[in-house]
Structure formats: C-alpha cells, structure tokens
C-alpha cells in the first residue's frame, strides 16, 4: 500500500477587489488579469511538480525499505536458528543484541525494530524492542494484516515525533518470521522519512522561489505589453478630447504599420474630414447670416416706402369704397407684421453673429412684469382672458437688460393669451438668494412633452394648421430663449395636451452666476376650476394682483427638469 508524503497546502490566490472592474484603467486590468492567470498557472504547475517529486521520493524510499526488511528478516532467521540450543540467558542476550543492531540505535539506517513472539516451541524468546514507544504504533489491525500474509510484508505511513516534539513521516513495515522448531515471531521495523521530507521541502522552496521570480518577470512583461497597447489608445483619446473641446486640428501621432497604427491613421482621416466639413458648414453659416442681415437691411428701404403709402391710404380710408377700405386695412396690418418679421430677423442675425450685448442694470422684476401686463391688457380684454397675477413683492431685484426681459415677458404673455382659450392666465414671481423667476401658465390648448422640447425652435409651431389671430413670425420664443441664455438664465416649457402650458423664466441675480435651481416649480397642476374660481370676481380682461398663490402651487417643491435652453436645472 502506498501513501504519499504529507506536505503543506498551496497558497491561495488573492481575492479580487470588490469594485467594478469595468471602471478600472485598461492597463491595470491587463496586468491584473495576466498576474492572476500566471499565479494560477504557477500554483498548478508547482503543485503538480511537488506531487510528482513527493511520490518519487516516497516510492524510492519504500523500495529501499522493503529490500532492507528482507535482509533483516533473513538475518533474524539465521540468528534464531543458531541460538535454538543455547541457554535462556544466552538466547535473551542474543535477541536483544540483534534487535538493537537491527534498530541501528538511531544511526545511519534511521530505523527501529520490535520483535514479538507469536507462538513458541519449547524455548520462549522475550519481547524485544529498540524503542518502547513503537508498541503504540502496533494495533490489532496491523497485527491481523501481518498474520494474514505470513510470507509477505505489510507497510503503512505513520508520523513519528522527535525530541523537540515535531512530527516526521515514517514507514512501518511488518513481517512474520517462522523458525523451525522455535515457533513464529512478528518483526516490525520503522524507517524514518525525515531526509526525504527535508528534500521535498527544499524542492518546494526552490519551486516557490523560481515561481516568484517568474511571476515578477511575467508582471514586468505584462506592464510593458499593456503600455504598448494603451499608449496609442491614450493618444487617440487625448486627441478626441481636444477635438471635442474645439481644436479640430488635433491629430494622433502614428508610428509603425500595425493595427494600432492603422487605427491612428483612420482617426486622423476622420479628423481631417470632420474639420473640412465643419469649415464648410461654418462658411455656409456665415453666408446665411450675411444673407439674412443684408436682405433684412435691403428690405428696410422699400418697406419704408410701402409703409408710407399704407399710412396715406389708412389716413384716407374713410373716403374709400368698402372693398378698397378693407384692402387698405389688410395692407396696413401686413406691413406692420412685415416690420416685426424684419426686426426679428435682424435680432436673430445678431445672435448668430455673436454681436448681441447686454445693457444690464439693476431692475425690479415685479415692475417689469407689471409694465408688460399693461402692454397686453387690451389684448387680454379682447380675448376675454383674465390675468391672475401673484407678485413676490419684496426683494425681486436683479441685474438684467430691461429691454430684453420686457421682450421675453411680452412674448410669453402674448402666447398665453392667444392660446389660453379665454381661461385665466396665471402670472407668478418669486425669488431666493441666488435667482428670480417668473411663471406664465395658461389653461388652453396645451403642449405635449415632445412639443415642449421643440417649442423654442425657430419658425416651429405645435399645430401649423391652427389659425393665428395675432400676427406672429415664429421667432418670438426663439429670440426669448436667446435673450435668457444671454443672461445665463433658463427659459423652460412644460405642459399637457388639452390642459395648458407653463413657461418659466429663471434669471440669476448677478451676471455670471451659475443657476442650480429655480424658486418656482415648473411642473404643476392644471386645475381649471380652481383657476376660474380664483378670478371669478375679476372683470374680463382686468388684472387681479394678490399676494396669495393658488392652492395647488408648491413653491418649495423640487422637480428635476431639463432646461430647453440647453442647460439642466432643478426646480
């Protein structure tokens, strides 16, 4: 029966960190994966070599042990045969001397011996042992195994303690010796495997040391290879970041002709193509801007002549027949609309050219709102649309361009009245330490969330087929959004189809401040019954000003929104 030498369990592979590996740098992941796989491979190979060497040492030592045991048994048989006629004292001395000699007395053979009589024939040889502790290793199972194989040898692996209390492996071999005329005797020999164990430990240390050196070389190679792969990628990433920042001349340094070099060349080709297309589009944009500006200016002269003629016709419309009088009125209305369109086009061209500038002063936002309300009061009266106004009243001043803010407010109020379907229009102001806000809410046709994302596009209308009763250019909200952006503010929209729409203007108190939230909520309830009841005592077209707000408006609530001016905010 064969049992390999005991040895220490292999070192476990270090656990991988619990963080998400996908967020680690590529070079780090390459090195870590290579290191972990190398450790697993080295441990596997080391464990295999250790096992093979342990089995080899054990088999080699076992074969020598069995050969020595045969020799000892032969010598014992010869010795017992020679002293069969001697006196008892002589026999006892001869047996003790043989056992001590066979045990080696701890010498070079590194073995101990025990001789136990099984049956006697006249002469009784006493039990002899070179080490009394060996009797503890001989149990009934071992005795039965030796008795079952009288012509063979039985062996097992055991552990033996030395004087220092350390346990070493050993082989216990048992065999039966039959002496004619003297009986049968069980011979047990214990052979130490300490030298083989020390040899195995030395080999294991060599394997671990060589594995550590090899692992260090593998890690170094992995770092070099990772840098070879990731350095071109980092260059491409940096070039892409510079391009994203506006440097269209950014290129990747290309060296060699491998796959990574081809990636760099492809990136550079893409960058050159993109730069050319951007240049073409920029030039086209400049041409369009110049065209709009030039056409707008050139049309002013004939428009002035037409307006003068229209004024003459309008002044003498009372002398004209009915059809001509109606024609003169239509001409006058369209000339006014044409003038507004030209003014909007010129303003848009200034925004596109980056020539728009703020003439900012400290203004009271409530006062600007009241002035805009007076401008649209007659329009609200014509449309049967009550105006429900809730002003903050205290500390709503901000540094703004009054002309541009007045234009934003008039655009929002005009749109709310036109699309309010005769229902009340709520106007509300509020302020906090960093910003001021104005909300205009109507209860008319409303807009969908998809339309709210496009409502500030130029010439866009939610319903192109809807008849407009007020002459519009389709540029009012676009210009208002540009005015808000020029103040570093937000102009945002939200609504529900068939319920109404909400527009919110949020401005920083000081130019250059960064907005993080608005003092007024954007998403809110469209409780038309409550709104109608709140203004039921107000004559149609009149302005109702009060400090209170409608019950369903929560000024302190927070609602994450997306700024339609291209910025994100929190309301």
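The values are calculated or read from the model by the stated rules, or taken from the named source; none is laboratory data. Please read all numbers here as calculations on a predicted model, not as lab measurements. No Cβ is skipped: glycine too gets one built from the backbone with ideal geometry, and neighbour counts run over all protein chains shown.
Does residue 164 count as more than 14 Å from residue 65 (Cα to Cα), over 57 Å from the mean Cα position of the chain (by Cα) and either in a strand (DSSP E or B) or in the same structural domain as residue 100 (by TED's automatic domain parsing) (or both)?
On the way: more than 14 Å from residue 65 (Cα to Cα): yes; over 57 Å from the mean Cα position of the chain (by Cα): yes; either in a strand (DSSP E or B) or in the same structural domain as residue 100 (by TED's automatic domain parsing) (or both): yes.
So residue 164 fits the description; yes.
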Return a yes/no flag: does the range 270-285 have any residue that is farther than 23 Å from residue 476 by Cα, free of Cβ contacts under 8 Å to residues at least 40 places away in the same chain and in contact with a helix residue (DSSP H, G or I) (Cβ under 7 Å, 6 or more places away or on another chain). yes
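Would you mind finding the one in 416, 433, 421 that is at pLDDT below 95 and within 15 Å of residue 519 (Cβ to Cβ)?
On inspection, the qualifying residue turns out to be 433.
Quick one: is residue 377 surrounded by fewer than 20 Cβ atoms within 10 Å (Cβ to Cβ), out of contact with any helix residue (DSSP H, G or I) (no Cβ under 7 Å at 6 or more places or on another chain), outside any helix (DSSP H, G or I) and touching a residue at least 24 places away in the same chain (Cβ under 8 Å)? Talk me through it step by step, then tell me what you get.
Numbers: surrounded by fewer than 20 Cβ atoms within 10 Å (Cβ to Cβ): yes; out of contact with any helix residue (DSSP H, G or I) (no Cβ under 7 Å at 6 or more places or on another chain): yes; outside any helix (DSSP H, G or I): no; touching a residue at least 24 places away in the same chain (Cβ under 8 Å): yes.
Answer is no for this residue.
Is the range 533-555 home to any residue that is closer than 22 Å to residue 411 by Cα, in a helix (DSSP H, G or I) and either touching a strand residue (DSSP E or B) at 6+ places or on another chain (Cβ under 9 Å) or modelled with pLDDT of 85 or more (or both)? Give the derivation first.
Taking the range 533-555 first, the residues closer than 22 Å to residue 411 by Cα are 540-545.
Still in the list and also in a helix (DSSP H, G or I): none.
No, the range 533-555 contains no residue that is closer than 22 Å to residue 411 by Cα, in a helix (DSSP H, G or I) and either touching a strand residue (DSSP E or B) at 6+ places or on another chain (Cβ under 9 Å) or modelled with pLDDT of 85 or more (or both).
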Among (1) assigned by TED's automatic domain parsing to the domain that holds residue 400; (2) closer than 20 Å to residue 475 by Cα; (3) free of Cβ contacts under 8 Å to residues at least 40 places away in the same chain, there is one condition residue 350 misses while meeting the rest; what is its number? (1)
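Evaluate the following for residue 323: is it farther than 26 Å from residue 483 by Cβ and surrounded by 13 or more Cβ atoms within 10 Å (Cβ to Cβ)? Walk me through how you get there before you give the answer.
Numbers: farther than 26 Å from residue 483 by Cβ: yes; surrounded by 13 or more Cβ atoms within 10 Å (Cβ to Cβ): no.
Against the criterion (farther than 26 Å from residue 483 by Cβ and surrounded by 13 or more Cβ atoms within 10 Å (Cβ to Cβ)), residue 323 does not qualify.
Of all residues being assigned to a loop (DSSP other than H, G, I, E, B) and in contact with a strand residue (DSSP E or B) (Cβ under 8 Å, 6 or more places away or on another chain) in the range 422-444, which is nearest to residue 399 (Cα to Cα)? Just the residue, please. If you could, list the steps in order and put the result at the bottom.
Kept after step one, since they are assigned to a loop (DSSP other than H, G, I, E, B), are these residues of the range 422-444: 422-424, 432-434, 443-444.
Retained after the next criterion (residues that are in contact with a strand residue (DSSP E or B) (Cβ under 8 Å, 6 or more places away or on another chain)): 423-424, 434, 443-444.
Values: 423: 33, 424: 30, 434: 12, 443: 31, 444: 33 Å.
Once the filter is applied, the top-ranked residue is 434.
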Filtered residues of the range 384-402 (kept if surrounded by fewer than 20 Cβ atoms within 10 Å (Cβ to Cβ), free of Cβ contacts under 8 Å to residues at least 60 places away in the same chain and closer than 23 Å to residue 415 by Cβ): 402
Pairs with Cβ under 7 Å, 6+ apart, first in the range 486-507 and free of Cβ contacts under 8 Å to residues at least 40 places away in the same chain, second surrounded by fewer than 24 Cβ atoms within 10 Å (Cβ to Cβ) and assigned to a loop (DSSP other than H, G, I, E, B): 488/511; 488/512; 488/513
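Given the options 337, 371, name the one that is in the same structural domain as residue 299 (by TED's automatic domain parsing) and closer than 27 Å to residue 446 by Cα. Explain how you work it out, then say what you get.
Details: 371 fails: in the same structural domain as residue 299 (by TED's automatic domain parsing).
When all the criteria are applied, what remains is 337.
Please work out if residue 248 is in a loop (DSSP other than H, G, I, E, B), touching a helix residue (DSSP H, G or I) at 6+ places or on another chain (Cβ under 6 Å) and in contact (Cβ under 8 Å) with a residue 24 or more places away in the chain.
Values: in a loop (DSSP other than H, G, I, E, B): yes; touching a helix residue (DSSP H, G or I) at 6+ places or on another chain (Cβ under 6 Å): yes; in contact (Cβ under 8 Å) with a residue 24 or more places away in the chain: yes.
Yes.
Taking the criterion of being exposed (fewer than 12 other Cβ atoms within 10 Å of the Cβ), over 30 Å from the mean Cα position of the chain (by Cα) and not assigned by TED's automatic domain parsing to the domain that holds residue 31, would at least one residue in the range 266-274 satisfy it?
Yes, some residue in the range 266-274 is exposed (fewer than 12 other Cβ atoms within 10 Å of the Cβ), over 30 Å from the mean Cα position of the chain (by Cα) and not assigned by TED's automatic domain parsing to the domain that holds residue 31.
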Given the conditions (1) surrounded by 15 or more Cβ atoms within 10 Å (Cβ to Cβ); (2) touching a residue at least 60 places away in the same chain (Cβ under 8 Å), report the number of the one that residue 337 does not fulfil. (1)
Take the residues of the range 46-69 that are without any contact (Cβ under 8 Å) to a residue 60 or more places away in the chain and surrounded by 13 or more Cβ atoms within 10 Å (Cβ to Cβ): which is farthest from residue 178 (Cα to Cα)? 47
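Against the definition (outside the structural domain of residue 49 (by TED's automatic domain parsing) and surrounded by 13 or more Cβ atoms within 10 Å (Cβ to Cβ)), how does residue 218 come out, yes or no?
Taking the combined requirement at face value, the residue satisfies it.
In contact (Cβ under 8 Å) with a residue 24 or more places away in the chain, in a loop (DSSP other than H, G, I, E, B), out of contact with any strand residue (DSSP E or B) (no Cβ under 8 Å at 6 or more places or on another chain) and not assigned by TED's automatic domain parsing to the domain that holds residue 337, is that true of residue 474?
Values: in contact (Cβ under 8 Å) with a residue 24 or more places away in the chain: no; in a loop (DSSP other than H, G, I, E, B): yes; out of contact with any strand residue (DSSP E or B) (no Cβ under 8 Å at 6 or more places or on another chain): yes; not assigned by TED's automatic domain parsing to the domain that holds residue 337: yes.
Here the answer is no, as residue 474 does not meet what is asked.
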